[in-house]
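Asks: First the structure, which I've put down as structure tokens, then a few questions once you've had a look.
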Amino acid sequence: MRFTSLKTAVPLSCGHDPIFSVSADRKKAQAMMKTVATSQLELGMYVHKMCGSWFDHPFWAAKFLLDDRDKLHTLQSSKLTGVVIDTAKGKDVAASQSNNCSNPQTKPKQSARASAILAPKRAAKKPPQPTSTEKELRAAQGIADGGAERMHKTFLAARLGKTLNVRAVEPVVGDILDSVRRNPQALSGLMRCKLKNELTYHHALAVSALMVSLAGQMKLSEKQVREAGMAGLFLDIGINHLPLNLTPKSGDFRNAEPHIWQQHVVLGHRALQNDDSLPQSVTDACLHHHERMDGKGFPSGLPAEEIGQIGRMAAICDAFDFMLTASETSAALDPAAAVQQMKQMEGAFDQDILRKFVESIGLYPIGSFVELRSGKLAMVIDEDRKDSSRPVVEAFYSYVTDERVIPHRIELVNGDGKDDIVGIADLGAVGISGEAELRELLFLAAHKFVAK
């Protein structure tokens, strides 16, 4: 019997686990891959793989042709130790500059050509431009639909015992971040007002959007904002590991016995720890989002000083969104009523972060039913960036005539004060039922948006 010797090919894993050639075609394909330092990158190269955690760079696509100066500058300014390039699909690096990115200390200086190209344009990539809530709703709907599908697949895989695929949901965080930067209220408002069926995925997306908005209000770093958004998506991943035979008829595990429901934080934390690319702040947020500042939370009853910043943020955003949905033990609250209740929950939340949270969504968040000084009943449909305390509302009922009126928009900031908000409205007192349906109808009609 004749044996063929195995030769080590070019490693594709940035310095880990060399891949061995088993055929001429495979050997040829692997020979096209080169691991280089980020300083060696030039326009025209094809990026095949990043060397480092996904938090070390802002790109969601792992493979792309490097044909943009901003992308080149972003890569070279990132925390990546290097990248793998495919010389069959793009430009090669000079042989004299070949280098393994597993040793960042040996990175050569940036090439003269790359320096010349980058010299006239070093500015960071422009952030998404602000837009109106009405214009952003279309993009928000797409993010909600696509995000729910990705989260469904991710949660289903977890339920089936498969390894958590964090990269599958990375684009969701980026989409949410861009949407919030274009308009802080559109996505959250849509999630709050539009009727939904899949509570688990809807909750994950809503909390992620709230986390990103709150992180922005707190002026956290870009890295921390992304971590906050990712944490929001995975806070309740542990429910997929709860016993199937104990699933409540409603499908809402909040209706399960407390000792069953409370296990989801520990199970979720354990699942997230299996992915070493996630920062500790994300995994800790999963474990700590039901802890309280007074030490009376679960699963460990931690004192305040042991609860991290993102964990404290998660506790607030998670509680707020869940208060808006009914369970077997509590009715759904009006968004403004939820804010008031949270402010009265002494010892539960970090008060400084709670104040920032209220600033980010408003004292009367979108979807709140309010009473106006003029005797009208209205719903908040948008914020006013000039004065968050005086939002845009849609009036639809008159206490004076005790009848419904043609819905009409009122921009409180431009009024004379007669229509200012005097409190949270009680729809039941005037015989109006079906708050959820009415909320969706008013919000979508006010923004001329057709629900799918």
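Asks: State whether one or more residues within segment 285-295 are farther than 19 Å from A228 by Cβ, in contact (Cβ under 8 Å) with a residue 40 or more places away in the chain and assigned by TED's automatic domain parsing to the domain that holds A231.
Replies: Checked segment 285-295: at least one residue is farther than 19 Å from A228 by Cβ, in contact (Cβ under 8 Å) with a residue 40 or more places away in the chain and assigned by TED's automatic domain parsing to the domain that holds A231.
Asks: Give all pairs with beta carbons closer than 8 Å in which a residue from segment 422-436 that is not assigned by TED's automatic domain parsing to the domain that holds D334 meets a residue that is of a type in the set (K, R); count only pairs at least 6 apart in sequence or on separate chains.
Replies: Close Cβ pairs (under 8 Å, with a partner that is of a type in the set (K, R)) amount to V422/R373.
Asks: Given S398, S388, S360, S368, which one is hydroxyl-bearing (S, T, Y), free of Cβ contacts under 8 Å to residues at least 40 places away in the same chain and either within 22 Å of L210 (Cβ to Cβ) or in contact with a His (Cβ under 8 Å, 6 or more places away or on another chain) (or both)?
Replies: Every option except S388 fails the conditions.
Asks: I need the full set of residues from segment 65-81 which are of a type in the set (S, T, Y) and not in a helix (DSSP H, G or I), in order please.
Replies: S78, T81
Asks: Please find, within segment 366-407, the residue that is nearest to the chain's Cα centre (by Cα) out of those that are small (G, A, S) and not in a loop (DSSP other than H, G, I, E, B).
Replies: A378
Asks: Quick one: count up the residues across segment 311-329 that are assigned to a helix (DSSP H, G or I) and in contact (Cβ under 8 Å) with a residue 24 or more places away in the chain.
Replies: Of the residues in that region, 12 qualify.
Asks: Among the residues of segment 408-421, count how many are assigned to a strand (DSSP E or B) and either free of Cβ contacts under 8 Å to residues at least 40 places away in the same chain or in contact with a Gly (Cβ under 8 Å, 6 or more places away or on another chain) (or both).
Replies: Matching residues across segment 408-421 total 4.
Asks: Considering (1) surrounded by 12 or more Cβ atoms within 10 Å (Cβ to Cβ); (2) assigned to a loop (DSSP other than H, G, I, E, B); (3) modelled with pLDDT under 90, say which one A124 fails and leave the rest.
Replies: Here A124 clears every test but (1).
Asks: Can you name the residue in segment 161-185 that is among the hydrophobic types (A, V, I, L, M, F, W, C) and closer than 21 Å to T283 by Cβ and is also surrounded by the most Cβ atoms within 10 Å (Cβ to Cβ) among such residues?
Replies: I176
Asks: Next up: Do we find a residue being in a helix (DSSP H, G or I) and touching a Pro at 6+ places or on another chain (Cβ under 7 Å) anywhere in segment 261-277?
Replies: Checking segment 261-277: at least one residue is in a helix (DSSP H, G or I) and touching a Pro at 6+ places or on another chain (Cβ under 7 Å).
The values are calculated or read from the model by the stated rules, or taken from the named source; none is laboratory data. For clarity, every value in this text was computed on a predicted model and none was experimentally measured. When we count neighbours, we look across all protein chains shown, and the Cβ atoms used for this are built from the backbone with ideal geometry, even at glycine.
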